[in-house]
Amino acid sequence: MFKIISPSKKFKLSKYYEVLLGLIAITAINFLFYRHDPGFVSLSPHPYWIVILLTSTRYGFSGGFFAGLVSGMIYVIFKSLSIPDVEVADFRTLAIWAKPILFLLVGVVLGEMRQLHIREYDAVCEERDTYHDAFDKVKTKYDILSEAKQELDSKIISQESTLGTLYEAAQGLRTLSIDSIYPAVLEILREFMDVEDCSIYLFDGTEFKIDTALRHSKSFVADTVPLGESLMSIAAEKKKAVSIRDIASTESMPSGIVISAPILADNHSHVIGMLNVEKMPFLKFTSDSVRVAGLVADWCGSSVENATVFAETKDKLIADEITDAYTYDYFLRRLREEFVRARRYELDLSLIMLEFPGLSNASDEGRDEVLMAFSMILKNQIREIDILFMSDEPGAFYMILPTTPAAGARVVVNNLLSSFRALSVMAFETDQNLVELRAGVAGYSLEMEEATELVDRVKEDLVSVLFAE
């Protein structure tokens, strides 16, 4: 590391040599060219001032003091030699000591003034060196953190990809048959976590009863487990996935339950069952495995809840016959579920709002024509995991896009708009003004506290597009 070396550190003895060499040089000139005036006693200003001024302004107090002292002593010597028959009384006069004293005072004063600047300069140099050292340390830490960040980014990308793929695979849980949900959940664990033995227990208030199990070995499975006597009880109490590591050492892992995750309903307020992992590869048993098990259990709870709601309301129409859009009440509940899931597991979530301003005053024929075109485009453009809902406002729709950022949702909107633009050449024969479409997009962000904030933001983002001219 390059460091500035201050004058006070760089020059320690050279100031004394320079003073003596300067005075010797002046004395040599004096004897060579001005022998009639030894010591330049009668010359004013005196040549010694050159040495005093240069030394004091260059080296500070010590240099000025030394230059003034030596110059005064030499001057006194030459002055005494210039007085015939000098006596002790002559050394008490001001004529001999005036200039030496002035030499010393000027050297000391100028030297001290210069010394103040030298001290300030030394302090600045030390501070600069300190900052350089601190910068080097910070730079080293930054380089280490940059490498760690790159590795972490690659891990996050792979994990997000896994979660996205897992989410799409879990759409098999959207079945409205409860008997089909639990086996699908266990198959997901087997496929994505290499689980060998797993099971689902249902909670009846006092104990857990086995419902579904997946076994690759002949391990024993208890039909019932009392509340308070297993890892399931801890997971049910905490309402989150827990592993054997949370209560014991890894030596206890081979026997019993390895991971237990609660299956929740009623907006994650009520435990209806437990998803258990009894056996899995040791290297796969990580914190990510616990997280995935909790995520799958959460999906299972939502699916069971949806299936239960459907079973209770199967005689009621919850979707539009033309667009297959769900009701607005179901939208509010489903949006909250997806919002809680996105917030809990740090997943992407987007909301799209589509509005046909002309539908509210359109004829039945014109409205059906536009809605049929709308339904056809949606079936070709959106994924199976995307869900369409009717709004409480006539002619408006919401679309929830799980695991999709706002940028991806805007791509979906652009595709929809492009498809409508292509259909505009058909020239809707009934009402030309019906082909005006307003679209808005909002994405989940960490600062959001309630799902309704997504609705507010998507309404603020609405932009009108008119396809027929």
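General observations
- Considering region 198-244, the residues that are of a type in the set (Gly, Ala, Ser) and part of a loop (DSSP other than H, G, I, E, B) include one that is nearest to Ile188 (Cα to Cα), namely Ala241.
- Condition met for Thr212 (surrounded by 13 or more Cβ atoms within 10 Å (Cβ to Cβ), in the same structural domain as Ile188 (by TED's automatic domain parsing), farther than 26 Å from Arg343 by Cα and modelled with pLDDT of 75 or more): yes
- All told, Val86 meets the bar of being assigned to a loop (DSSP other than H, G, I, E, B) and either farther than 15 Å from Leu23 by Cβ or at pLDDT below 85 (or both).
- Test: residue in region 304-311 that is assigned to a helix (DSSP H, G or I), at pLDDT 85 or above and more than 30 Å from Lys218 (Cβ to Cβ): no
- Residue in region 254-298 that is nearest to Phe208 (Cα to Cα), counting only those that are assigned to a loop (DSSP other than H, G, I, E, B) and hydrophobic (A, V, I, L, M, F, W, C): Ile257
- Per-region count, region 96-119, residues within 16 Å of Arg58 (Cβ to Cβ) and either without any contact (Cβ under 8 Å) to a residue 12 or more places away in the chain or not acidic (Asp, Glu) (or both): 13
- Filtered residue count, region 111-132, keeping only those that are at pLDDT 90 or above and either touching a Ser or Thr at 6+ places or on another chain (Cβ under 8 Å) or not assigned by TED's automatic domain parsing to the domain that holds Phe66 (or both): 1
- Some residue of region 341-353 being assigned to a strand (DSSP E or B), modelled with pLDDT under 85 and within 22 Å of Ala451 (Cα to Cα): no
- Among the residues listed as Ser199, Ser158, Ser146, Ser180, the single one being modelled with pLDDT under 75 and either farther than 30 Å from Ala67 by Cα or touching a strand residue (DSSP E or B) at 6+ places or on another chain (Cβ under 7 Å) (or both): Ser158
- Condition check for Arg291: in the same structural domain as Met372 (by TED's automatic domain parsing), within 26 Å of Ala451 (Cα to Cα) and either of a type outside the set (Asp, Glu) or modelled with pLDDT under 80 (or both): no
- Yes/no for Leu163 being of a type in the set (A, V, I, L, M, F, W, C), part of a helix (DSSP H, G or I) and modelled with pLDDT under 75: yes
- Single condition Thr250 does not satisfy, out of (1) modelled with pLDDT of 80 or more; (2) under 22 Å from Val221 (Cα atoms): (1)
Residue-wise test of (1) part of a helix (DSSP H, G or I); (2) at positive phi; (3) at pLDDT 85 or above; (4) not polar (S, T, N, Q).
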| residue | (1), (2), (3), (4) |
| --- | --- |
| Asn414 | yes, no, yes, no |
| Leu417 | yes, no, no, yes |
| Glu429 | no, no, no, yes |
| Leu437 | no, no, no, yes |
| Val441 | no, no, yes, yes |
| Glu447 | no, no, yes, yes |
| Glu450 | no, no, yes, yes |
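- Of all residues in region 182-209, those that are crowded, with 21+ Cβ neighbours inside 10 Å and more than 20 Å from Val290 (Cα to Cα) total 1.
- Test result for Ala409, closer than 25 Å to Asn306 by Cβ and in contact (Cβ under 8 Å) with a residue 12 or more places away in the chain: yes
- Checked against (1) farther than 17 Å from Ile77 by Cα; (2) out of contact with any helix residue (DSSP H, G or I) (no Cβ under 9 Å at 6 or more places or on another chain), Leu54 passes all but condition (2).
The values are calculated or read from the model by the stated rules, or taken from the named source; none is laboratory data. Keep in mind the model is a prediction, meaning the values are calculated, not measured. All Cβ positions, even for glycine, are placed from backbone atoms using ideal geometry, and neighbour counts span all protein chains on display.
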